[in-house]
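Worksheet: the structure to be examined is printed underneath.
Bear in mind these aren't lab numbers, they're just calculated from the coordinates by the rules spelled out. As the structure is a computational prediction, the values presented were derived from the model and not from experiment. Cβ: placed from backbone, ideal geometry, glycine included. Neighbour counts: every protein chain shown.
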Amino acid sequence: MDFDLSEEQRLLKESVDGLLTDAYDFEKRKKYMKEEGGWSKAIWGRLAEQGLLGLPFEELDGGFGAGALETMIVMEALGRALALEPYLATVVITGGFLRHGGSATQKAAYIPSIIDGSKTFAFAQLEKNSRYDLHDVTTSAKRMGDGWIIDGKKFVVINGKNADTLVVTARTEGAQRDKSGIGVFLVPANAKRVAKKSYPTQDGLHAADITLTDVEVGSDAAIGDSENGLPLIERVVDEARTALCAEAVGAMDESLKTTVEYLKTRKQFGVAIGSFQSLQHRAADMFVALEQARSMSMFASMAADFGDATERTNAVAAAKVMIGRSSKFIGQQSIQLHGGIGMTMEAKIGHYFKRLTMIENTFGDVDYHLCRVSESGGLV
C-alpha cells in the first residue's frame with residue numbers, strides 16, 4: 001500500500017496549510033469564537049475561494065472530484081489550526097448524504113451553495129439516551145399528503161444555531177431500536193415550529209438542542225430510501241469518523257510541536273528542561289503514538305476505496321480505537337510536560353486536549369469501537 005502523497009495532494013497540503021497558518025493563531029481564534037455561531041464567516045469564504053468546500057463533489061456537480069485522501073489533508077490542517085468552521089458538518093457529512101443518496105434535484109439545489117460557501121448545514125442525529133447507536137431513533141416522520149410531518153428532539157447538534165438547513169434522521173416506521181424504518185430528511189432551519197437552544201461546547205465549538213414540533217416538509221425532503229436509510233447513515237458517519245481521525249492527527253501533531261518547543265525554552269535549575277533525558281523519552285513516546293495514529297488515519301482514508309463495506313467499517317473502527325488511544329496519551333503528556341501553565345485557559349495546549357477529547361467521544365469512543373472490532377474478529 002502506497003502511503004506517499006501525489007504531487008497534486010502535496011500542492012493541496014501546501015495550499016490549505018498556508019491559508020490556515022495565515023488565518024489562524026490562538027489570539028485570532030478567540031476573536032472568531034465571539035462571532036455569531038462561534039466561527040469566522042471570513043475564513044469560511046476563503047475556504048470557498050480556494051475550492052476547499054467543493055473538493056469531494058463530482059465535477060458534474062461543480063466540484064473537483066477529490067477523494068477521502070484529499071479530505072484527510074484538509075481535516076489534518078483544520079485540526080492543526082484548531083479551526084472552528086463547520087467543514088465536517090457541511091462538506092463531509094451533508095456533502096456525503098447528497099453524494100451517496102441525493103437525487104439529481106437535491107444535488108442541484110444544495111451542492112452549489114455548499115461549494116460557494118453561501119450555506120452551511122448541521123447533522124441532527126443524537127437523541128436522549130441513544131449514545132452511539134445510529135439506529136436508536138425516536139424522532140418520527142409521518143406522511144402527510146405529498147410531504148412529511150417531523151416530530152422529535154435532537155441534542156448536541158454542532159453548528160445547529162447557524163445552519164441554514166438541518167439533516168435530520170427520523171423514524172418512518174417500526175420501534176425505537178429497529179434498524180429498518182429510518183429515513184434522512186432535509187429540514188429548513190427556519191421552518192415553523194423548529195426551536196433551538198444554543199450553547200458553547202467544551203472545545204470551543206457551538207452546538208444546539210433542537211426541537212421539531214410537527215414540522216412540515218415536502219416530498220423532496222427525504223434523501224434516498226426513507227424506509228431503509230440506515231446503510232446510508234452508517235456510510236456517511238464512517239466517512240465523518242475518518243475525517244475526525246485526520247483532524248485528531250493534525251491536533252496531535254501541533255500538540256507535540258508546541259510541547260517540544262516549550263521543553264526547549266522552559267528553564268529549570270538554569271537549563272532547558274528539554275535537556276533532561278526522562279522528558280526526552282516522554283517526548284519520543286508521544287512521537288511514536290502520533291505516527292501510529294497518522295498511519296491508521298491514512299489507512300482508514302484509503303479504506304474508502306475498499307469494495308467490501310464490512311472491511312471499510314472495520315478499518316474505520318480500528319482507526320478510531322488507535323487514534324483515541326493516541327489522543328489521550330499525547331494530550332495528557334502535553335499537559336503534564338507544560339506543568340501548571342498547561343491547565344490554564346491562557347495556554348493553547350489545554351484547548352487542543354479538549355478538542356481531542358471531544359473527537360474521541362464523537363460517533364463512538366474507544367470502548368465502543370473496540371467492541372466493533374472485536375465482534376468482527378479483528379485485532380487492535
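Excluding residues fewer than 8 places away in the same chain, name every one of the lysines whose C-alpha is closer than 21 Å to that of K28.
K41, K257, K348, K354
Less than 17 Å apart at the alpha-carbon level, and either on another chain or at least 8 residues along: which aspartates and glutamates does that give for K142?
Of all the aspartates and glutamates, those that pass the test against K142 - Cα under 17 Å, at least 8 places apart if same chain - are D151, E173, D178, D214, E216, D220, D225, E227.
Taking the Cβ of each residue in T201, T242 as the centre, tally the other Cβ atoms inside 10 Å and list the residues starting with the fewest.
T201, T242
Say R0 is 41 Å: what FRET efficiency, to the nearest 0.05, do R266 and E7 get from their beta-carbon distance?
0.55
So how far, in whole Å, is the C-alpha centre of segment 59-118 from the one of segment 5-19?
With segment 59-118 and segment 5-19 each reduced to a Cα centre, they are spaced 17 Å.
So what is the relative contact order of the chain, in percent, for Cα pairs below 8 Å that sit 6 or more residues apart?
About 15 percent, as a whole number.
Sum up the charges of everything whose Cβ sits under 13 Å from the Cβ of G224, counting Lys and Arg as +1 and Asp and Glu as -1, but leave G224 out.
Neighbourhood net charge equals -1.
Could you compute the longest span of the chain free of GluC sites (Glu not before Pro) located in DSSP loops and having at most 16 other Cβ atoms within 10 Å, not counting the site residues?
The segment 228-345 is the longest one with no such site.
Quick one: what are the phi-derived ³J(HN,Hα) couplings along segment 26-36, Karplus 6.51/-1.76/1.60 with θ = phi - 60°, whole Hz, x for glycine and proline?
With coefficients 6.51, -1.76 and 1.60, one gets 4, 6, 5, 4, 4, 5, 4, 5, 8, 6, 4 Hz.
Extending each Cα 7 Å along its Cβ direction at S113 and S376, get the distance between those two points in nm, one decimal.
Each label point lies 7 Å from its Cα, and together they span 3.5 nm.
Which residue fluctuates the most in the chain, going by a Gaussian network model with Cα springs under 10 Å, if the choices are G307, G67, G270?
Residue with maximal mean-square fluctuation among G307, G67, G270: G270.
Taking neighbour Cβ counts within 10 Å as the exposure measure, how do D220, D253 sort from fewest upward?
Listing D220, D253 from fewest to most nearby Cβ atoms yields D220, D253.
Zone of D178 (label point 7 Å along Cα→Cβ, backbone N under 17 Å): which residues in segment 200-231?
The answer is 225-231.
Which value in deg cm²/dmol, rounded to the nearest 500, describes the helix-derived mean residue ellipticity at 222 nm for the chain, given -39,500 (n - 2.57) per DSSP H run of n ≥ 4 and division by the residue count?
Calculated from helices alone, the mean residue ellipticity at 222 nm is -16000 deg cm²/dmol.
So how much slack lies between H100 and D133, counting 0.36 nm per residue of separation and subtracting their Cα-Cα distance, in nm?
9.8 nm
Could you give the length gained by full extension between E58 and T21, i.e. 0.36 nm per residue of separation minus their alpha carbon distance, to one decimal place?
10.5 nm
Pairs of alpha-carbon atoms within less than 8 angstrom and 6+ residues apart define the contacts here; what relative contact order does segment 1-146 have, in percent?
Taking the mean separation of contacting Cα pairs over the length of segment 1-146, I get 23 percent.
Decide, for segment 231-375, between rounded, prolate and oblate: order the square roots of the alpha carbon gyration tensor eigenvalues as a ≥ b ≥ c, take rounded if a/c falls under 1.5, and otherwise choose prolate if a/b is larger than b/c, else oblate.
prolate
Tell me, what ³J(HN,Hα) does each residue in segment 355-360 have, in order and in whole Hz, if you take phi through Karplus 6.51 cos²θ - 1.76 cosθ + 1.60 with θ = phi - 60° and put x for Gly and Pro?
My calculation for segment 355-360 gives 5, 4, 5, 5, 4, 4 Hz in order.
With a ≥ b ≥ c the root eigenvalues of the C-alpha gyration tensor of segment 122-225, is it rounded (a/c under 1.5), prolate (a/b larger than b/c) or oblate?
Taking the square roots of the gyration eigenvalues as a ≥ b ≥ c, segment 122-225 is oblate.
Listing F57, F276 from the residue with the fewest other Cβ atoms within 10 Å to the one with the most, what is the order?
F276, F57
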